[in-house]
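Here is the structure we will look at, set down as structure tokens.
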Amino acid sequence: MSGGTERVRDGVRTAGGGTEPVGGGTGGTSDGPRSVTVRVPAKVNVQLAVGAARPDGFHDLANVFLAVSLHDEVTATPAEALTVTCEGPDADKVPLDRTNLAARAAELLAARHGIAPDVHLHIAKDIPVAGGMAGGSADGAGALLACDALWGLNTPRTELLDICAELGSDVPFSLVGGAALGTGRGERLTELPVGGAFHWVFAVADGGLSTPVVFGEFDRLTEGTDVPEPAASPALLEALRTGDTTALAGALANDLQAPALSLRPSLAATLAAGTDAGALAALVSGSGPTTAFLVKDAEAAKAVAAALTASGTCRTARTATSPAAGATILPD
């Protein structure tokens, strides 16, 4: 981390200009709200089809996102300068300088409106860090919406999505939530209908995997081969539309799973432990190293999570449902 001193107080990491009071919602005054808190979901890629590397270094994708009920919360509070604090699991791995997507979101939004990004952003983490579930992207989307409300800007949604795309490929979906097909590098979204709830278990690994490194390994593994143009699976889209868990289990696919396993072979044992415990399907979530297990219902989710925890192949296991709403301003 760069950008000044860092300290820990009451379990909260702080950097830069220190800590500002952190509120829990929109506390309104005659001058505007005292703070705004936004809840934003994690995602699982139920399909991630990856094309060959483009001249700009990115890859064309057919990326079917599904938001799940693991959330971060981002609180924006007026301050004399832009500062970031963080608490929660693995908070020590979250950058608190201007490389944090939440800070960059505040800067980009302020620049669009010709104002100073004077805000304190507090991130309450619950999404695994560097786990392939778009936790950093979620924080960017959450900060964008929180700052827009705090500053009373009423930025059109299309413009917010443009800023999200500038921040990163996964950030627009964090704002939208639900289910969507991402094309281009993943930032161009088409929202998808979902006909029912799906139950998941997520096994959180020790350490993280760098998304650029995983894509680099994909390039290495596919070098000299004819990489097909990425396209969404009709069977998978139909399974989402009808809410058919069994059909969705048969259609899950992730072209980054092989490179993630190449870089972290131990994930194979986690995938096996979950399927042995009764999961209908298992895959690496995004670029990993979190692994995702689709299960029949809430009872099955509890059983698979307990088995994964007991297996010793992961640090912890979390249950969740999908779809989940996108970035949402919380009431007082």
Normalised per residue, the volume inside the convex hull of the alpha-carbon atoms of the range 154-285 in Å³ amounts to 146
Once normalised by the length of the range 23-192, the mean sequence separation of its alpha carbon contacts under 8 Å that are 6 or more apart gives a contact order in percent of 27
Scan of the chain for GluC sites (Glu not before Pro) in DSSP loops with at most 14 other beta-carbon atoms within 10 Å gives a longest site-free stretch of 81-222
Stretched fully, the stretch from A235 through R112 gains (0.36 nm per residue minus C-alpha distance, one decimal, in nm) 40.2 nm
To the nearest 20 debye, the chain has a Cα-centred charge dipole, built from +1 on Lys and Arg Cβ and -1 on Asp and Glu Cβ, of 440
Extension length gain for R157 and D97 (0.36 nm per residue less Cα distance), in nm, is 18.9 nm
Rounded to whole angstrom, the alpha-carbon centroid of the range 263-332 lies from that of the range 132-195 at a distance of 24
Placing +1 on each Lys and Arg Cβ and -1 on each Asp and Glu Cβ in the range 23-192, then taking the dipole about the Cα centre, the residue among P117, A149, N45 whose Cα reaches farthest towards the positive end is N45
Given a Förster distance of 45 Å, the FRET efficiency implied by the Cβ-Cβ spacing of L221 and L330, rounded to the nearest 0.05, works out to 0.60
Computed over the range 98-188, the relative contact order (Cα-Cα under 8 Å, seq sep at least six) in percent reads 29
Percent relative contact order for the chain, counting Cα pairs under 8 Å at least six residues apart, stands at 23
Taking every other residue with Cβ under 15 Å from the Cβ of A258 and scoring Lys and Arg +1, Asp and Glu -1, one gets -2
Rounded to whole Å, √(5λ) for the Cα gyration tensor eigenvalues of the chain, largest first, gives 33, 21, 20
Per GNM of the chain with C-alpha springs under 10 angstrom, the most fluctuating residue out of G51, G142, G114 is G114
Largest fluctuation, G136, G195, G288 only, Gaussian network model of the chain with Cα springs under 10 angstrom, belongs to G195
In nanometres, the difference between 0.36 nm per residue of separation and the alpha-carbon distance of S266 and T321 is 17.2 nm
For the range 23-192, the Kirkwood Rh over every pair of distinct alpha carbons, in Å, works out to 16.1
Cross-link reach from K296 to lysines, straight Cα distance under 27 Å and at least 8 residues apart if same chain, gives K43
Cα-Cα pairs in the range 67-156 separated by more than 14 Å, as a whole percent of all pairs, come to 60
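Every read-out reported here was derived from the displayed coordinates using simple, explicitly stated rules and does not represent laboratory data. Owing to the predicted nature of the structure, the values given are computational and were not obtained by experimental measurement. Here Cβ is always computed from backbone atoms with ideal geometry, including for glycine, and neighbour counts include all displayed protein chains.
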